[in-house]
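The structure appears below as structure tokens.
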Amino acid sequence: MTIQQAIADPVISQSWSKLASLAIEPNPFAEPWYQAAAVQSLAPNSTRQIAACWEGESLLGLIPLMRSNTYAGLPLAHLQNWVNHNAFLGSPLVAKGRERDFWHGLLSALDNGRDRAFFLHLTAMRLDGPVAVALEQICNTQGRRFAIFQREERALLEHGLSPEAYLEANVRGKKRKELRRQHSRLSELGDISFERSFGDAGLADWIEEFLALERRGWKGFNGSALDCAKETRELFRNALFGAAKERKLELLALRLDGRAIAMLVNFITPPGAFSFKTAFDEDYARFSPGVLLQIHNLALLEREDIAWCDSCAAQNHPMIDSIWSGRRSIGRYSIAIGGPIKRAAFTALLAAEQAKGRLRRVTKRNTNQNNGKSG
């Protein structure tokens, strides 16, 4: 296991890209094109590190890390995965079948390292997959304390039915009738078209249109729209151009007389996909343009290379939860590292967190078998 500054060597970058294509759990936010966009836009002077597990010239796993000197407002130094607010998964990229090797290598390196961090904190982790199962197996085998914080379930689209059958199975008949009525009423205002595109042709204009659409809504009003800050605006642009270059970008739009009233960005990472960002024109909210576009997005179910799509949405999202019936567990791990003194301090931290009610549960599930989903 090596832990070093951000990788710039072209040969290593190729290994990173190859790992991303073969990883047991896809994660576009850990891929080199997204990481490059995030560093360039958000943290050009960051001390981000890359922890990489190698076997000869083969890259078995990789996770971006950073050091933080505070935790929950307290001066507690720790290491954590490097995840920005516009990255919706923090799981590492790990080659299939090498999950235990990766975690063993990473935790051993952190145990023996010179960093003064008291523990490892992993945010936005998928909890119901083989990578998490392997982490818990290693911790239980080694007697290493760990805990899960803030577990939540977010909407997941899963392959198995046609778009029409999926809609019928998961959306009440009354609601489907209402959506047909809204579509009909919207069509009375002008020409409706659904647009799906790939690659970078016209991408710059599409990006500007999306940014303007999102800023006109509630996110612009409260200052959280991508276009409200230079850093997030550049992240969005750089990430989409990076995804397009890797042929991992899908763009959808619902247009009324050529003007976008709902837009959606998907990252395509077979066997999965991720709905990165969406926006709609609130002047047309009574027609549910975002929902109408999501129904069009059910065409993902027809792709043979896509088994699921992560909504990247918050738990109990009022729109997507009413359409997508699958769920994916996301949460945060805290894990003991280092020698006896650090581990004793970590045990005390867990006790304090539990007393304050922030610790949801210390995991003790059966990890004798790798029963996580592989997609």
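The values are calculated or read from the model by the stated rules, or taken from the named source; none is laboratory data. Keep in mind that what you see is a predicted model, and the values were worked out from it rather than measured. Heads up, the Cβs are rebuilt from the backbone with ideal geometry, glycines too, and the neighbour counts pull from every protein chain shown. SASA here: full protein model, heavy atoms, side chains in, ligands and nucleic acids out. Shrake-Rupley method; radii C 1.70, N 1.55, O 1.52, S 1.80 Å.
Kindly give Rg over Rh for the stretch 161-274, based on alpha-carbon atoms, with the Kirkwood expression for the hydrodynamic radius.
Values: Rg = 16.4 Å, Rh = 16.1 Å.
Taking Rg over the Kirkwood Rh, I get 1.02.
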What would the Debye formula give as log10 I(q)/I(0) at q = 0.15 Å⁻¹ for the alpha-carbon point model of the stretch 40-185, no solvent? -0.87
If I model a spin label as a point 7 Å beyond the Cα along the Cα-Cβ vector, how far apart are those points for Arg327 and Glu195 in nm? 3.7
Here the Kirkwood hydrodynamic radius of the stretch 306-353, Cα-based and in Å, equals 14.2
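Could you give the size of the charge dipole of the stretch 212-360 about its Cα centre, using +1 on the Cβ of each K and R and -1 on the Cβ of each D and E, expressed in debye and rounded to the nearest 20? The partial results should precede the final answer.
Numbers: 22 positive and 16 negative charges, 141 e Å.
Using Cβ point charges on Lys, Arg, Asp and Glu, the stretch 212-360 gives about 680 debye.
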For the stretch 186-192, just list the computed ³J(HN,Hα) in residue order, Karplus coefficients 6.51, -1.76 and 1.60, θ = phi - 60°, integers in Hz, with x standing in for Gly and Pro. 5, 5, 5, 8, x, 7, 9
Considering only Gly97, Ala72, Ser41, whose Cα is most displaced toward the positive end of the charge dipole of the stretch 11-118, charges sitting on Cβ of Lys, Arg (+1) and Asp, Glu (-1)? Ala72
In terms of the alpha carbon gyration tensor, root eigenvalues a ≥ b ≥ c, rounded if a/c is under 1.5 and otherwise prolate when a/b exceeds b/c or oblate, the stretch 185-334 is rounded
Taking only DSSP H segments of four or more residues, each worth -39500 (n - 2.57), what value at 222 nm results for the chain once the sum is divided by all its residues, to the nearest 500 deg cm²/dmol? -11000 deg cm²/dmol
Roughly what % of DSSP beta bridges within the stretch 57-169 run antiparallel, to the nearest 5? 80
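In the calculated pair distance distribution of the chain, what percentage of Cα-Cα distances lie above 37 Å?
Working: 16550 of 70125 pairs.
Tail fraction, whole percent: 24.
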Once amide hydrogens are built 1.01 Å from N within the peptide plane, the residues lying 5 or more places from Thr269 or on another chain with amide H under 5 Å from its amide H are Phe274
Euclidean distance between Cα centres, the stretch 194-241 to the stretch 286-317, Å: 19
Scalar couplings 3J(HN,Hα) for the stretch 308-321 by Karplus 6.51 cos²θ - 1.76 cosθ + 1.60 (θ = phi - 60°), nearest whole Hz, x for Gly and Pro, are 7, 9, 7, 6, 6, 9, 5, 4, 6, 5, x, 8, 6, 5
At 1.4 Å probe radius, can you tell me the per residue accessible area of the chain in Å²? 46
With contacts defined as alpha carbon pairs under 8 Å and 6 or more residues apart, what's the relative contact order of the stretch 197-262 in percent? 38
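Given +1 on the Cβ of Lys and Arg, -1 on the Cβ of Asp and Glu, and no further charges, what dipole in debye does the chain carry about its Cα centre, rounded to the nearest 20?
Working: 48 positive and 40 negative charges, 315 e Å.
Here the chain has a charge dipole of around 1520 debye.
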Which entries in Lys96/Lys248; Lys175/Lys277; Lys18/Lys342; Lys18/Lys175 show an alpha-carbon gap greater than 32 Å? Lys18/Lys342; Lys18/Lys175
Please work out the Cα center distance from the stretch 109-128 to the stretch 83-106, rounded to the nearest Å. 11
Both in Å, the radius of gyration and Dmax of the C-alpha trace of the stretch 1-123 are 13.9, 42
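How long are the semi-axes of the equivalent ellipsoid of the stretch 208-272, defined as square roots of 5 times the Cα gyration tensor eigenvalues? Whole Å, largest first. Mind showing how you got there, number by number?
Details: eigenvalues 93, 56, 19 Å².
Working from the Cα gyration tensor, I get semi-axes of 22, 17, 10 Å.
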Surface share of carbon and sulfur [accessible, 1.4 angstrom probe, percent] for the chain: 50
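Over all distinct Cα pairs, what is the inverse of the mean 1/r for the stretch 257-363, reported as the Kirkwood hydrodynamic radius in Å?
17.4
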Percent relative contact order for the chain, counting Cα pairs under 8 Å at least six residues apart, stands at 24
